[in-house]
Every structure is written in structure tokens, then in C-alpha cells.
Amino acid sequence: MGFLAPLLSTETSLSVAHVLAGGLVLVSFMMLYQDRLSSVINVLALHSAVLGFAVGWQAIIQNAPELYITAGLALGFKAIVIPLALHRMVEKLGIHRQVEAVGGISLTMLAGIGLVALSMVVMLRTAAHADALAREDVALALSVILLGMLMMVTRRNAVSQIAGFMSLENGLILAAAGAQGMPLVVEISVAFSILIAFIVIGVFLFRIRERFDTVDSTTLDAFRGEMQ
Amino acid sequence: MTPVILFCALAWFALGGIGMLWGRRDVTRVVVYGGTLAVAGIALLAAFFQLGLGDAPVPTLVLPLGLPWLGMNFHLDDLAAVFLIITNLGAAAASLYAIGYGRHEHEPWRILPFYPVFIAAMNLVIVAADAYDFLVFWELMSLASWALVMAHHNQQETRRAGVTYLLMADAGTLALLLAFGLLAGAHGHYDFAAMQAAHPSPAVGAVVMVLVLIGAGSKAGLVPLHVWLPRAHPAAPSQVSALMSGVMTKVAIYAFIRIVFDLAGPVAWWWGLVVLIAGGVTAVLGVLYALMEDDIKTILAYSTIENVGLIFVGLGLALAFKADGMVVAAALALTAALFHALNHMLFKSTLFFGAGAIQHATGTRDLSKLGGLIRRMQISAVPMLIAAMAIAALPPLNGFASEWLLLQAILLSPALPQFGLKLAVPAVGALVALSAAFAAACFVRFFGIAYLGRPRSGAAAAAHETDVFSRGAMIGLAALCIAAGVLPGLVVDLLAPVTQSLLGAHVPSQRGLSWLTIIPVSASRSSYDPLLIFIFIAVSGSLAALALHRFGSRVIRRAPFWGCGFRGLEEASAPDRAIGTQYSPSGLAQPIRRVFASVVFRARDDVVFRARDDEMMPASGRPVPTSFVSRWIDPAWGLFYTPMVALIGQIADRANRLQFLSIRRYLGFVFAALVALLAWNALWG
């Protein structure tokens with residue numbers, strides 16, 4: 001699709017990249033208030049798809065063919081395979097109808113807004129000389145990372161924590177793709193580490209389930225006898 | 001001359017390797033100690049040569065080791081040369097001593113690998129010219145000496161001493177690390193030349209001074225950071241005790257001088273006050289401890305604390321004078337401090353050698369079991385007597401010369417403008433005089449109980465003279481004590497380039513004065529003629545002895561003596577019973593202990609009757625075995641260390657809860673830390 005590049009002015013292409021990055025932040029917010037596991041997984045699929053498009057767009061405007069591989073990985077693997085596997089897992093565990101008690105949606109959303117503002121301010125301070133759009137891109141990527149962490153911290157269910165972790169990793173890839181050319185090796189190794197984390201956590205989930213009949217990670221604390 | 005010192009250090013490391021590989025063979029002892037002696041001699045010559053070179057600038061030697069952008073910087077200026085002389089003279093004497101004394105070591109492979117490394121580390125600390133090197137070799141010095149202290153690790157007391165020493169050494173290094181971090185500033189200029197060029201703000205300089213006082217003071221033994229010293233120094237083998245007390249404390253003093261006088265920028269007047277008070281208190285408390293102690297090596301370790309206090313008084317005075325621009329007076333005080341550092345190395349090493357000889361000859365370090373050794377150790381008793389007289393500051397020996405210079409500097413204090421100093425310096429002067437008097441009492445007790453009188457135990461009665469190497473080392477150092485005492489002008493002139501480079505002034509040259517007089521300030525103020533005093537003492541002493549022997553009665557009369565109320569002692573046929581009625585070390589120290597130590601140290605004397613526990617006093621006329629118990633405590637433990645240990649325990653207990661949180665909480669902590677750092681960056685970054 002490199003043929004598109006000459007058709008677009010630099011300004012337009014950068015704004016499209018900006019819109020896609022902003023979309024990723026928006027989807028992160030969507031994830032924050034999902035209280036059903038199946039919808040969390042669906043939003044995660046959407047999140048990865050938006051990332052795929054964003055990286056693909058970066059590949060076009062940077063004329064960097066290796067980024068297509070990253071985009072393909074994101075679209076095929078993260079947007080389709082992993083969500084499907086997670087759905088299967090959730091059904092197997094029999095918790096797909098489960099409603100997760102997410103304490104204080106509005107508070108979480110407010111915290112999320114605060115995090116986005118924080119990352120904007122940080123980037124404004126630390127990268128004052130950089131180009132405004134590039135700076136915004138990095139700021140958006142940073143807010144996706146922070147929102148992923150917020151997701152991991154606020155949820156009790158291990159599946160939702162996986163979803164938060166995956167969205168955090170998406171933020172990392174967005175930041176890396178925005179920077180001119182991340183080596184493919186790095187990208188592949190990141191992808192593999194995610195895969196391994198996914199497998200480990202998946203196996204772990206079933207083990208937890210086998211023992212405690214639930215995937216609520218607080219039972220682990222009770223088991224350790226260290227509930228505060 | 002810097003490369004010479006580095007090659008010497010390499011040679012020492014190689015000797016350490018030899019000690020490690022063949023430590024079990026008897027010949028290795030001679031090779032290692034003899035080699036160390038030879039190398040120390042070369043380093044000593046190099047240091048003298050450097051000092052004789054005069055004002056020629058010395059290039060800094062940079063080796064491509066250590067931190068990549070810094071390298072290893074070495075520099076040998078006049079200050080470093082003086083301390084190299086002290087270090088290598090002490091090292092040479094200790095090595096000579098150890099050639100003979102080391103024969104009695106049961107497990108020499110625990111000592112031989114570390115002994116040369118310890119000496120090399122002390123030399124390298126002195127020539128290091130950047131903070132990284134300095135701290136690396138400082139830590140090497142601490143660890144090597146720790147390993148040497150732990151040589152006799154099968155004794156419970158030694159292990160406790162080792163733990164205390166390790167903790168205090170690391171705390172001190174931490175303080176020095178922070179001080180260097182502050183001096184290096186935000187850009188991290190760790191070489192000393194850049195630190196000298198950058199002028200730290202007064203606040204930074206003050207914090208650095210306090211940190212160095214803690215860091216170097218804990219190594220040197222300033223009260224209340226001294227608690228490890230009287231445990232660790234005696235626990236080591238005697239040649240190592242001599243090195244630790246005589247030399248390693250001097251390296252700590254070198255660190256203080258290097259950082260505070262050379263690197264920390266302009267001096268504020270109150271720095272001098274802080275150092276003066278710390279030094280004065282250390283001097284008096286150290287010698288009081290020494291007076292109450294019965295273990296001969298522990299007495300010497302406490303006496304080291306006293307002498308370190310005196311040296312710090314000199315340094316504090318120099319700081320105070322320097323802050324007020326009285327550079328000549330500052331030079332006098334610094335000269336006195338450096339002179340005393342040299343002297344302390346000389347006589348304290350001799351005393352530790354003698355204590356080692358006593359320990360080997362009698363198998364005990366308990367003063368109350370010694371006595372009459374002067375008849376059995378006739379040769380080594382002489383250098384011991386000279387060293388004891390020197391440390392007690394008797395003229396014409398070197399201890400008097402340096403303490404006299406120190407008091408001359410104190411007498412210049414009325415010219416100081418600050419009221420606080422005007423009041424404090426004479427008070428500290430009184431403390432110095434008091435500690436000198438106590439030191440005299442302490443060493444009268446030490447020498448009198450150990451060498452005079454009659455043996456208080458069978459072991460003391462069966463003591464034998466020490467070997468020829470040990471005697472040689474002791475006699476050599478004692479001769480230097482006399483030489484430095486009779487010719488103090490030479491030493492003062494030797495120290496002049498140091499004060500010239502640090503303070504920009506020096507004590508007037510003593511060369512060419514008639515009768516080897518020293519006149520530190522001006523002839524109208526004060527002068528001291530050690531040679532005349534020496535001649536006077538020698539002549540009058542000889543005349544008195546001659547008169548006594550010539551004109552006094554030569555008839556030996558045997559007569560019954562008063563037996564302190566015991567019956568049977570009057571009979572000349574039972575001389576052994578009389579031994580128990582000699583002065584005991586606790587008895588000799590009792591008046592001073594009662595007057596000065598009953599409040600601070602809570603010294604208590606008890607008489608315990610062994611007949612029945614409930615019996616306080618036996619009925620009159622009924623003999624009951626009794627013993628005398630003297631108890632005292634070190635207030636530093638109760639005031640500082642016990643609360644500190646309790647506080648650290650509490651914090652550890654609180655922090656321990658952090659080990660048992662849920663994964664989500666840990667994630668939360670990471671998240672909160674990240675957000676907090678980002679927020680910090682956003683608001684103040």
C-alpha cells in the first residue's frame with residue numbers, strides 16, 4: 001500500500017495516525033467499564049485491531065515494510081486468535097456469564113482521565129522541543145500503557161488482568177511503531193514474550209480453577225492465609 | 001614516585017597470592033613478612049623522596065581500569081607522602097616483628113594472604129585521586145582487616161567483634177560514599193582535581209564535613225562511634241593490632257584531612273567547634289576506658305581512641321583558625337596533629353608488639369595475672385618503658401613534643417573572633433591536659449603492674465624473653481620515639497610542605513636554631529629545648545644513681561613487713577603469700593574510677609563473699625574467700641546503639657509486612673510508584 005503515501009500530504013497522514021492512536025486510548029477507556037468477561041475480551045479484540053490499523057498506517061507513512069509484519073501480527077494473532085482462545089477458556093471455565101464487580105466505575109474513569117492528562121503533561125515537559133504531533137503520539141501511547149496498568153490493578157479476575165496486560169503491551173507497540181523504525185527482532189521477541197505470558201497465565205488459570213473453583217485471584221491470598 | 005607505590009602495591013598483592021597458595025608452609029611466613037618488609041621499605045623511601053622533591057608539580061597517573069569514563073587516578077602530593085611515611089614505617093616494623101612473632105601462629109594461612117593486601121589497600125587509599133578508587137580501596141582495607149580480625153574465629157568474642165566491626169565499617173563507608181556523592185555534584189565529577197576546582201556551596205560543604213566526620217571518625221574511633229575498636233583491635237594477631245591501631249586509624253585521619261581540608265571548599269568557623277568537641281570528649285573518655293580495663297591489648301586499643309581524640313583536637317583547631325584566616329596558627333595546629341599521628345604510630349605499634357610478646361610469653365592478656373616481667377623480659381622491657389613514657393607525654397620523648405605543640409596552638413585561641421570558640425577552645429584545652437594526665441596514670445598502671453612487682457601468676461613467673469626479630473622491631477621504633485622527641489624540629493620541617501599546600505602557610509623553619517630548640521610561633525612566646533632537657537635528665541639521673549650507689553648503704557637488710565593485717569605474711573619464710581597483697585590493676589585505678597567514672601560509666605565496685613550467697617559480711621575473725629568485682633558500662637551502647645538497634649528492628653518488622661501482600665497490591669505499588677514518578681517529572685522535572 002506504499003503507493004498511497006505520495007497521494008497524502010504529510011499533515012494528513014500524521015493526523016490519521018493521530019486519530020488512530022486516539023482511538024486506541026478510547027478503546028482502553030471502553031475496556032475500563034466492561035463488567036462482563038466476554039465483553040472485556042471483545043473490547044480487547046477491538047483494541048488489538050485498532051492497534052493493527054495504527055501500526056499499518058505507520059508502515060505506510062514511514063515506508064517501513066517490517067512494520068507490516070507487526071501490523072499483521074497484531075491483527076491476526078492478537079485481534080483474532082488470542083480473543084478466541086480466551087473466549088474458549090472462559091467458556092470452559094464456565095464463567096462467561098459472570099458479572100465482575102468493578103468497584104466505582106466513575107471513580108476508575110476519573111482516574112483514567114487523570115492518567116491521560118498526566119501523560120500529556122509529562123510529554124509536554126520532557127519533549128518540549130519535539131514535533132507537536134509526534135509528542136502527542138507518544139503521550140497517547142503512554143496513556144494506553146497507564147490505562148492498561150490501571151485495568152490490571154482494579155480488577156480481581158485473572159482473565160480481566162490478562163486483558164489489561166495485553167492492552168498495556170499494545171500501548172508499548174504503539175509507542176515503538178511511532179518511533180522511526182523499531183528493529184523487527186525486538187518486535188518479534190516482544191510478541192513471543194506476550195505469547196509465553198499468555199500460555200503461562202492460561203495454564204495458571206486452569207490450575208487455580210482446579211484448586212479453588214474460581215479464578216478470583218483474591219482466593220489465592222486467602223489460601224496463603226495472609227488476608228489482611 | 002606514584003608508579004613506585006603502585007608497583008609496591010602489585011608486589012604486596014603478589015605476596016598475598018603466595019600466602020594464599022602456600023600458606024601452610026613454614027617458609028612462606030618468612031617470605032611473606034620479609035617481602036612485605038622489603039616492599040614497605042621501598043615505598044617508605046619513595047615517600048621520603050617525594051617529600052624531598054619540594055614544590056615540583058606531580059602529574060596524576062591515570063590507569064585505564066575501573067569506571068570507563070574515569071579510569072583509576074593516582075596522585076602523590078605532600079600530604080599523601082607524609083601519610084605514606086607513617087603507613088610504611090608502621091608496616092615495615094610490623095612485618096619485621098611478624099617474622100619472629102608469626103611463628104607462634106597456629107593457623108598462619110588465615111593471616112598470610114590478607115596481611116600484605118591490607119597494607120597495599122592502605123597505601124592505595126592514600127594515593128587514590130578519585131572518589132571511586134578511594135572507596136574501593138577503603139573497602140578493601142576494611143575487608144582485609146576484617147579477615148585478619150577473624151583469624152582466630154573460633155572464639156565467640158572474636159566473632160562478635162567481627163560482626164560489630166563489619167557493621168561499623170560499612171556504615172562509615174556509606175557516610176563517605178554520600179559525602180563524595182555530594183562533592184561530585186549533579187554532573188558526577190569523581191576525580192579529586194575536579195572536586196577541588198568546583199566550589200561546593202556552604203550547605204553542601206557542611207553536610208560533607210559532618211558525613212566525613214562520621215565516616216572517617218568511625219574508622220578512627222571517635223566517641224561514640226568507637227564501640228567496634230576496643231573489640232576488634234585486640235582480637236587480631238598482635239602485628240595486625242599494631243597496624244590497625246597505629247596505621248589504619250591514621251588512614252582514616254588522612255581521609256578526614258583530604259576531604260575536609262582539601263576538597264570540601266571554604267570552611268565555616270563552627271566546623272572547628274564540632275571537631276574540637278568531638279576530639280576533646282573522645283580523648284578523655286578513651287583514656288578513662290583504658291584506665292578501667294584489665295586486658296592489656298584492650299587498654300592499648302582504648303588508648304588509641306584517646307590519641308585519635310587528641311589528633312582531632314588539633315584538626316579542629318586548624319579548621320577554626322583556617323576559617324578565621326589565621327593561617328599560621330592553623331598550620332601550627334595541623335602540624336601538631338600530623339606530628340602526633342606519626343608519634344602515635346611509633347609508640348602504639350611498639351606497645352602492641354610488647355603486648356603480643358607478653359601474651360605469648362605468659363598465655364594471658366589479663367593485667368591482674370602479670371607482674372615482674374622486667375626480670376624475665378629484660379630487653380623488650382626497655383622499648384616498652386620508652387614507648388609507655390612517650391605515650392604518657394614525658395619529656396624529652398616525642399609524645400611530649402607533639403602535645404606541647406598542640407597546647408601551643410590552643411594558647412593562640414584567644415585571638416579567635418568567635419565567642420563560641422573563645423569559650424570552647426580553653427575548655428577543650430583543659431580536656432587535653434586532663435587526658436594527658438590520665439594517660440600518664442594509665443601507663444604507670446600498665447607498665448607498673450605488668451613489668452614491676454612480683455609475678456601474680458605462675459604463668460607470669462615462667463615468662464620468657466621474646467625473639468630477636470620482635471625485639472628488633474620494638475627497639476627500632478623506640479629509638480625513633482627518642483629521635484623524634486629529641487629532634488622535633490626535623491619533623492616539624494618535614495611537615496611544612498603539607499601545611500603549605502593545604503593552608504598556604506607553615507610553621508617557621510626550625511633549621512639552624514641553636515641547641516635544636518623549637519620555636520613554633522615566636523621566641524618571645526614559647527620555646528622548647530628537648531636536647532637540653534634530655535641532657536639534663538641524663539646527667540642528673542646518672543649523678544643521682546651514682547650518688548645513691550656510691551654514698552648510700554649497700555647492705556641488704558631483710559626485715560618483716562606489714563602484712564595488711566594478715567597474719568603470717570610477716571614471716572619471711574612465706575614470700576608467696578605476699579604476692580596477693582600487691583596492688584591489683586583494679587585497685588590502682590580505683591581512685592580515678594570512683595571520682596571520674598561513677599557517673600558516666602556507672603562504675604561500681606563490689607566485694608563478693610563466696611561463703612554463702614545471702615551473707616553480706618562474714619562474722620569478725622572468720623576467714624571467708626572473697627573476690628572483688630568491678631563493673632562499668634559503656635554509655636555509648638545505652639545512649640546510641642541499643643535505641644538504634646531497636647528502631648531498625650521496628651522498621652524491619654513494619655517492612656516485613658510488605659512481603660505478604662497480594663499480587664494485585666504489588667501491581668498497585670508499581671503502578672503508584674510509576675504515576676508518582678511521572679507526576680514528579682511533570683511538576684518539577
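Yes or no, residue by residue, for (1) open to solvent by 40 Å² or more (accessible area, probe 1.4 Å); (2) farther than 22 Å from B:Ile277 by Cβ; (3) at pLDDT 95 or above:
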site: B:Leu176; (1), (2), (3): no, no, yes
site: B:Gly181; (1), (2), (3): no, yes, no
site: B:His189; (1), (2), (3): yes, yes, no
site: B:Met195; (1), (2), (3): no, yes, no
site: B:Leu211; (1), (2), (3): no, no, yes
site: B:His233; (1), (2), (3): no, yes, no
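Elements of the type helices (runs of 4 or more DSSP H) sitting completely within the stretch B:329-419 and holding at least 1 residues that are among the charged types (D, E, K, R): these cover B:373-376, B:398-411.
The number of residues in the stretch A:150-165 that are modelled with pLDDT of 80 or more and within 13 Å of another protein chain (Cβ to nearest Cβ) comes to 11.
Within the stretch B:619-640, the set of residues being surrounded by 14 or more Cβ atoms within 10 Å (Cβ to Cβ) and in a loop (DSSP other than H, G, I, E, B) comprises B:Trp632, B:Asp634. When the criteria are applied in full, A:Ala132 fails the requirement of being more than 30 Å from A:Ser15 (Cβ to Cβ) and either open to solvent by 20 Å² or more (accessible area, probe 1.4 Å) or touching a residue at least 40 places away in the same chain (Cβ under 8 Å) (or both). Taking the criterion of being open to solvent by 10 Å² or more (accessible area, probe 1.4 Å), over 22 Å from A:Ala177 (Cα atoms) and part of a helix (DSSP H, G or I), the residues of the stretch A:31-71 that qualify are A:Ser38, A:Ser39, A:Asn42.
Checked across the stretch B:658-677, the condition of being exposed (fewer than 10 other Cβ atoms within 10 Å of the Cβ) and within 14 Å of another protein chain (Cβ to nearest Cβ) holds for at least one residue.
For every residue, the table says whether it meets (1) more than 30 Å from B:Gly363 (Cα to Cα); (2) assigned to a helix (DSSP H, G or I); (3) among the small types (Gly, Ala, Ser).
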| position | (1), (2), (3) |
| --- | --- |
| B:Phe7 | yes, yes, no |
| B:Trp12 | yes, yes, no |
| B:Gly16 | no, yes, yes |
| B:Leu45 | yes, yes, no |
| B:Pro57 | yes, no, no |
| B:Leu70 | yes, no, no |
| B:Ala93 | no, yes, yes |
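Against the test of being without any contact (Cβ under 8 Å) to a residue 24 or more places away in the chain and either of a type outside the set (S, T, N, Q) or crowded, with 18+ Cβ neighbours inside 10 Å (or both), the options B:Ala387, B:Ala440, B:Ala409, B:Ala430 yield a single qualifying residue, B:Ala430.
Among the residues of the stretch A:98-110, is any surrounded by fewer than 22 Cβ atoms within 10 Å (Cβ to Cβ), more than 14 Å from chain B (Cβ to nearest Cβ) and on the phi > 0 side of the Ramachandran plot? Yes, there is a match, as at least one residue in the stretch A:98-110 is surrounded by fewer than 22 Cβ atoms within 10 Å (Cβ to Cβ), more than 14 Å from chain B (Cβ to nearest Cβ) and on the phi > 0 side of the Ramachandran plot.
A:Ser13 falls short on exactly one of the conditions (1) closer than 26 Å to A:Val138 by Cβ; (2) of a type in the set (Ser, Thr, Tyr); (3) surrounded by fewer than 15 Cβ atoms within 10 Å (Cβ to Cβ), and that condition is (3). Could we say that B:Tyr254 is at pLDDT 95 or above and not aliphatic (A, V, I, L, M) here? So B:Tyr254 passes the test.
Listed here are the residues, each with its yes/no results for (1) open to solvent by 40 Å² or more (accessible area, probe 1.4 Å); (2) within 30 Å of B:Asn88 (Cα to Cα).
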{"site": "B:Ile449", "(1), (2)": "no, no"}
{"site": "B:Gly453", "(1), (2)": "no, no"}
{"site": "B:Ala462", "(1), (2)": "yes, no"}
{"site": "B:Cys481", "(1), (2)": "no, yes"}
{"site": "B:Gln500", "(1), (2)": "yes, yes"}
{"site": "B:Pro508", "(1), (2)": "yes, yes"}
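Determine whether A:Leu115 is assigned to a helix (DSSP H, G or I), under 30 Å from A:Ala197 (Cα atoms) and touching a Gly at 6+ places or on another chain (Cβ under 7 Å). When the stated conditions are applied, A:Leu115 does not pass them.
From the list A:Leu86, A:Leu168, A:Leu147, A:Leu124, which one is of a type in the set (A, V, I, L, M, F, W, C) and away from chain B (no Cβ under 13 Å)?
Result: A:Leu86 is the single residue among A:Leu86, A:Leu168, A:Leu147, A:Leu124 that is of a type in the set (A, V, I, L, M, F, W, C) and away from chain B (no Cβ under 13 Å).
The selection criterion, being farther than 24 Å from A:Val55 by Cα, at pLDDT below 85 and of a type in the set (A, V, I, L, M, F, W, C), does not hold for A:Ala134. The set of residues in the stretch B:652-685 being over 15 Å from A:Val122 (Cα atoms) and either outside any helix (DSSP H, G or I) or among the aromatic types (Phe, Trp, Tyr) (or both) consists of B:Phe660, B:Leu661, B:Ser662, B:Tyr666, B:Phe669, B:Phe671.
Quick grid of which residues meet (1) farther than 18 Å from B:Phe7 by Cα; (2) at pLDDT 90 or above; (3) surrounded by 23 or more Cβ atoms within 10 Å (Cβ to Cβ); (4) among the aliphatic types (A, V, I, L, M):
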residue: B:Gly66; (1), (2), (3), (4): no, no, no, no
residue: B:Ala80; (1), (2), (3), (4): no, yes, yes, yes
residue: B:Leu84; (1), (2), (3), (4): no, yes, yes, yes
residue: B:Ala131; (1), (2), (3), (4): yes, yes, yes, yes
residue: B:Phe134; (1), (2), (3), (4): no, yes, yes, no
residue: B:Leu143; (1), (2), (3), (4): yes, yes, no, yes
residue: B:Trp146; (1), (2), (3), (4): yes, yes, no, no
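The values are calculated or read from the model by the stated rules, or taken from the named source; none is laboratory data. This one's a predicted model, so the numbers in the text were calculated from it and none came from an experiment. Positions of Cβ are generated from backbone atoms using ideal geometry, with glycine treated the same way; all protein chains shown enter the neighbour counts. We work out accessible area using only protein heavy atoms, side chains counted, and drop any ligands, DNA or RNA first. Shrake-Rupley method; radii C 1.70, N 1.55, O 1.52, S 1.80 Å.
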